[in-house]
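Note sheet for the following structure.
The values are calculated or read from the model by the stated rules, or taken from the named source; none is laboratory data. These figures come from a predicted structure and were not determined experimentally. No Cβ is skipped: glycine too gets one built from the backbone with ideal geometry, and neighbour counts run over all protein chains shown.
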Ligand SMILES: NC(=O)c1ccc[n+]([C@@H]2O[C@H](COP(=O)([O-])OP(=O)(O)OC[C@H]3O[C@@H](n4cnc5c(N)ncnc54)[C@H](O)[C@@H]3O)[C@@H](O)[C@H]2O)c1
């Protein structure tokens, strides 16, 4: 008989299989967020909104907003005329449609704005809206740069308007339940967070079809480019702006911001990371873009390492794993699963196989005497799993905004929260482009290497 009859790997595999076999899992259904029906909202509480940007996201926001009780669209603004037609198809022909968003800001009939323009336009529309006295729901990532974010936070604070940022995960039932479980210490002391998301198709990598009638006749291309150095008309840039840093913020601003916002919400965090290192490249869609399609970012949030991975070149599920001294809380789009761990040895230490026979036997005997449960007192190890609809809960997020407009109560995702989440993304991009770790210098409002 070998001196060491069981290897470390065999030992761990045996223990894992045994633990898995013993563990039972309870499934608990989560109710969707409750939104009142139309008769519960009096006509006097009607909120009238205008929408700026009726593209891929704006059209979805518009359709959802007009389906909410006591909410009415008055006007839409877009630089592309095709989206005037689309807005009327969704909200009815009675709405007005214009290329000039400032007409909506001057309209006294409009209480608030939904803004779903490309990232390079967020700051200007946001600042103009709050300065004109309008409340605003502004899409994520809140800002196109750290400096833009600071300006937006100041404008919101100075104006006192209601401002909601559009990372709707903070209004999801799934994330809300995970937040409750984490705050109750379900995983003990948090010591690591990981998250990832992968896609593997052209649409997932923003290779969108250009609208067939798009031209300088149907689109105000000059205004669309904003303050970015002008280039000749290019329909691909209009449709696929996320690929270029001049207009978008890459996978960081498009997708990482959802992971960061969800993580911050679930953990009750509201601060920028202390240090960020990001690597990646254009590894799958080398189509002229200047933003990476693969990006892996390592954050330090205080003492906690956070590792978030985005990949447009291979599909993987979207998942968070919160790891702590009492196990793992795994959160996906529709489930929350708890994998409990005691954090204690469940068997005599395999190190004892390095003891000579008599010492080993004595150690084993003593270990069992001290640790084996009395018959009938064996602990039950039960994991559980919550099942919900989806975490991308646009409806409750919009509803939360319109309720705040009515009641002047705080929103789910204010400008400071949006700024801190966006900063994490800008730091990730800065680290990627600078090829070095970066930190946030709050005093100067700058990302430093
Ligand atoms: N929360 C989410 O899940 C989610 C999902 C997708 C997109 N988004 C965000 O929504 C925003 C819009 O993205 P999209 O995919 O809908 O883009 P898009 O290109 O499909 O639509 C943007 C529209 O804004 C219009 N526009 C641009 N500048 C304008 C201006 N100055 N005045 C009026 N209209 C203007 C464009 O003509 C275009 O029709 C982005 O910030 C994006 O990150 C959020």
Which number in (1) crowded, with 21+ Cβ neighbours inside 10 Å; (2) within 11 Å of the ligand (Cβ to nearest atom) marks the one condition that residue 278 misses? (2)
Residues being away from the ligand (no atom under 16 Å from the Cβ) and at pLDDT 95 or above - total across the range 148-173: 12
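For residues in the range 37-64 being more than 23 Å from residue 211 (Cβ to Cβ) and in contact with a strand residue (DSSP E or B) (Cβ under 8 Å, 6 or more places away or on another chain), which is farthest from the ligand (Cβ to nearest atom)? Walk me through it before giving the result.
In the first step, residues of the range 37-64 are kept if they are more than 23 Å from residue 211 (Cβ to Cβ); the result is 37-49.
Subset that is in contact with a strand residue (DSSP E or B) (Cβ under 8 Å, 6 or more places away or on another chain): 46-49.
On the way: 46: 25, 47: 20, 48: 19, 49: 15 Å.
Filtering first and then ranking leaves 46.
Yes/no per residue for (1) more than 16 Å from the ligand (Cβ to nearest atom); (2) under 26 Å from residue 257 (Cβ atoms); (3) touching a residue at least 60 places away in the same chain (Cβ under 8 Å):
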site: 338; (1), (2), (3): yes, no, yes
site: 347; (1), (2), (3): yes, no, yes
site: 368; (1), (2), (3): yes, no, no
site: 384; (1), (2), (3): yes, no, yes
site: 399; (1), (2), (3): no, yes, yes
site: 406; (1), (2), (3): yes, no, yes
site: 411; (1), (2), (3): no, yes, yes
site: 419; (1), (2), (3): no, yes, yes
Is it fair to say residue 135 is surrounded by 22 or more Cβ atoms within 10 Å (Cβ to Cβ) and near the ligand (Cβ under 10 Å from one of its atoms)? no
If I ask for residues that are under 28 Å from the mean Cα position of the chain (by Cα) and surrounded by fewer than 11 Cβ atoms within 10 Å (Cβ to Cβ), which ones from the range 190-233 would you list? 201, 203, 227
If I go through the range 148-174 residue by residue, how many of them are surrounded by fewer than 24 Cβ atoms within 10 Å (Cβ to Cβ) and under 18 Å from the mean Cα position of the chain (by Cα)? 1
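I need a count of the residues in the range 267-287 that are part of a loop (DSSP other than H, G, I, E, B), in contact with a strand residue (DSSP E or B) (Cβ under 6 Å, 6 or more places away or on another chain) and closer than 28 Å to residue 418 by Cβ.
So the first thing to find is which residues in the range 267-287 are part of a loop (DSSP other than H, G, I, E, B), and the list is 268-274, 282-287.
Still in the running and in contact with a strand residue (DSSP E or B) (Cβ under 6 Å, 6 or more places away or on another chain): 272-274, 283.
Within this subset, residues satisfying the condition of being closer than 28 Å to residue 418 by Cβ are 272-274.
Here the count works out to 3.
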Selection from the range 380-420 of residues that are under 15 Å from residue 253 (Cα atoms) and out of contact with any strand residue (DSSP E or B) (no Cβ under 8 Å at 6 or more places or on another chain): 419, 420
Looking only at the range 331-382, and only at residues there that are part of a loop (DSSP other than H, G, I, E, B) and more than 30 Å from residue 28 (Cα to Cα), the one that is modelled with the lowest pLDDT: 375
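Kindly indicate whether any position in the range 20-39 is at pLDDT below 50 and more than 34 Å from the chain's Cα centre (by Cα).
Start the filter on the range 20-39 by keeping residues that are at pLDDT below 50, which leaves 20-23.
Imposing the further condition that a residue be more than 34 Å from the chain's Cα centre (by Cα) reduces the set to 21-22.
Scanning the range 20-39 turns up at least one residue that is at pLDDT below 50 and more than 34 Å from the chain's Cα centre (by Cα).
For the range 90-124, what are the residues that are within 14 Å of the ligand (Cβ to nearest atom) and farther than 24 Å from residue 254 by Cα? Quick ask: steps written out before the conclusion?
First, pick out the residues of the range 90-124 that are within 14 Å of the ligand (Cβ to nearest atom): 90, 96-105, 113-124.
Across the range 90-124, the qualifying residues are 90, 96, 97, 98, 99, 100, 102, 103, 104, 105.
Residue 206: more than 27 Å from residue 174 (Cβ to Cβ) and within 13 Å of the ligand (Cβ to nearest atom), yes or no?
Details: more than 27 Å from residue 174 (Cβ to Cβ): no; within 13 Å of the ligand (Cβ to nearest atom): yes.
Considered against the rule, which asks whether it is more than 27 Å from residue 174 (Cβ to Cβ) and within 13 Å of the ligand (Cβ to nearest atom), residue 206 comes out as no.
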Taking residue 124 as meeting all but one of (1) at pLDDT below 95; (2) out of contact with any strand residue (DSSP E or B) (no Cβ under 7 Å at 6 or more places or on another chain), write down the number of the exception. (1)
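Here's the yes/no breakdown for (1) away from the ligand (no atom under 12 Å from the Cβ); (2) over 21 Å from residue 142 (Cβ atoms); (3) part of a loop (DSSP other than H, G, I, E, B):
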{"site": "182", "(1), (2), (3)": "yes, yes, no"}
{"site": "187", "(1), (2), (3)": "yes, yes, yes"}
{"site": "200", "(1), (2), (3)": "yes, yes, yes"}
{"site": "255", "(1), (2), (3)": "no, no, no"}
